[in-house]
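Contents: one structure, followed by commentary.
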Amino acid sequence: MQLKAVNTIGRYFRNKFGEKVYKVPISISGFTCPNIDGTVAYGGCSFCENDSFSPNLQDKKSKFKLSPKTTENIYLNNQLKQLEMQFNVTKTRLEKKFGAKKFIVYFQSFTNTYAPLDTLKALYEKALSFDNVLGLSIGTRTDCMSEDILDYLYELSLEKEIWVEYGVQSFYDKTLETINRGDDASNMRKWIKKTKHKGLLVCAHLIYGLPNETQEMMLHTLDETLKLHVDSIKFHPLYVVKNTLLTNEYKKGNFTPISETLYINTVVESIKRLPKNVYVQRITAGIADSSLLSPSWCKNKHQQMFNIKKALKKEGLIY
């Protein structure tokens, strides 16, 4: 049987730029989320302990927090220095380990449009000024996007590769309420459509294994996401780490994480449904330290990758 290659983001970049492109994750102190600071809710999403996803974040206990209403960002110079330092450290490591030559700066942690436009402009343009940077990937929420930001990103996209990464997670409002998302399906559809209308590239993050969701529901969320003509997808399993709202539900026995078998089966089925012009950016996630409570199979990402690739191969697909 001849295997068919999955449309991965790596293949997309190689086809477009003629070589492998590496993402450089950036975590800037002072950024937060309206779901954490009380604008929408407190505590963040039930699964969120952002340090788990922020390996580059310094000054994690800083009391200074941005919002679009911040009148003066007195820490901007420090943030710009932090950005440059993180980029240089990661770039050097990637150059030494992989011979990397081209980069996308990935504003990863928290909500990276949740700040005054002047701050965003300073950070984004600083990142684009670094040598061999082809563009940006900006992690955010749909309730933290605005027309002004979209207009600005469109201007950047005329010369650079600009991706907006939206945390969708689920298109079921009951699920979104359960996980304390602070956003709803209607608003997500609205801003994803607006972002695509601007001609920007969109990556949607989906979480499989959310409370009370069946496989049918997970795949329905995927189908609803694809209707919005997104350009790429990231798949994540829901796992429980310490110091989250989900921790309490798990310890009370009110939440059982998704099994590895069900997760793999759902991801494989999802990839089979993807149109040719939708690229896969991630097929799993995990954490290998003591903060992981469950499921234990999320501790070994390499084993997860092996198992998913093996399952894809049985379907005639190579990742």
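The values are calculated or read from the model by the stated rules, or taken from the named source; none is laboratory data. Not measured: the values here are computed from a predicted model. With ideal geometry, Cβ positions are generated from the backbone for all residues, glycine too; neighbour counts draw on all protein chains shown. Each accessible area value is taken on the protein alone, full model and side chains, heavy atoms only, with ligands, DNA and RNA left out. Shrake-Rupley method; radii C 1.70, N 1.55, O 1.52, S 1.80 Å.
Between the listed residues HIS220, LEU246, PHE235, the Cα displaced farthest toward the positive end of the dipole of region 142-253, a dipole computed from Cβ unit charges relative to the Cα centre, is found at LEU246. Residues in region 178-184 carry Karplus couplings, in order, of 4, 8, 6, 5, x, 9, 10 Hz; the curve used is 6.51 cos²θ - 1.76 cosθ + 1.60 with θ = phi - 60°, and Gly or Pro positions show x. Taking the centroid of alpha carbons for each part, region 14-28 and region 227-255 are 26 Å apart. Backbone amide hydrogens, once placed in the peptide plane, bring THR32 within less than 5 Å of LEU66, THR111, excluding anything fewer than 5 places away on its chain. About the Cα centre of the chain, what is the dipole size in debye to 20, counting +1 per Lys and Arg Cβ and -1 per Asp and Glu Cβ, all else neutral? That gives a dipole near 1200 debye. Label-to-label distance for ASP173 and PHE98 is 4.1 nm, based on points extended 7 Å past Cα in the beta-carbon direction.
What's the FRET efficiency of LYS69 with ILE287 using the Cβ-Cβ distance as r and R₀ = 25 Å, to the nearest 0.05?
Numbers: r = 33 Å, r/R0 = 1.33.
Once the sixth-power term is evaluated, E becomes 0.15.
In debye, nearest 20: dipole of region 153-274 around its Cα centre with unit charges on the Cβ of K, R (+) and D, E (-)? Walk me through the numbers on the way to the answer.
Working: 16 positive and 16 negative charges, 28 e Å.
Dipole of region 153-274, to the nearest 20 debye: 140 debye.
Taking label positions 7 Å along the Cα-Cβ direction at both ASN248 and LEU274, the computed distance is 3.7 nm, reported to one decimal.
Please give the calculated 222 nm ellipticity per residue for the chain, where each DSSP H segment of at least 4 residues contributes -39500 (n - 2.57) and the sum is spread over every residue; nearest 500 deg cm²/dmol? Walk me through the numbers before you get to the answer.
Details: 10 runs with 122 residues, N = 319.
About -12000 deg cm²/dmol.
Measuring between their Cα centroids, region 279-305 and region 122-173 lie 26 Å from each other.
Each eigenvalue of the Cα gyration tensor of region 168-284, multiplied by 5 and square-rooted, gives one semi-axis; in descending order these are 25, 17, 11 Å. Placing unit charges on each Cβ (+1 for Lys and Arg, -1 for Asp and Glu) gives the chain a dipole about its Cα centre, and among TYR263, TYR166, SER27 the Cα reaching farthest toward its positive end belongs to TYR263.
Can you give the FRET efficiency for ALA41 and GLN2, using 1/(1 + (r/R0)^6), R0 = 45 Å, r = Cβ-Cβ distance, to the nearest 0.05? Could the numbers behind the result be given before it?
On the way: r = 50 Å, r/R0 = 1.11.
Rounded to the nearest 0.05, the efficiency is 0.35.
Within the accessible area of the chain, the carbon and sulfur atoms contribute 48%, probe 1.4 Å, all protein chains present. Rounded to the nearest Hz, the phi-derived 3J(HN,Hα) couplings of region 203-212 under the Karplus curve 6.51 cos²θ - 1.76 cosθ + 1.60 (θ = phi - 60°) are 10, 9, 8, 10, 10, 9, x, 5, x, 6, where x marks glycine and proline. Close amide H contacts of ILE162 (hydrogens built in the peptide plane, cut-off under 5 Å, sequence separation of 5 or more or a different chain): LEU136, LEU201. By the rule of a second cysteine Cβ within less than 4.7 angstrom, the chain holds isolated cysteines at CYS33, CYS144, CYS203, CYS298. 3J(HN,Hα) along region 237-246, derived from phi through the Karplus expression 6.51 cos²θ - 1.76 cosθ + 1.60 where θ = phi - 60°, amounts to x, 7, 10, 9, 10, 5, 6, 10, 4, 5 Hz, with x in place of Gly and Pro.
Simple spin-label estimate for GLU84 and LEU262 gives 5.0 nm between the two label positions (7 Å along the Cα-to-Cβ direction from each Cα).
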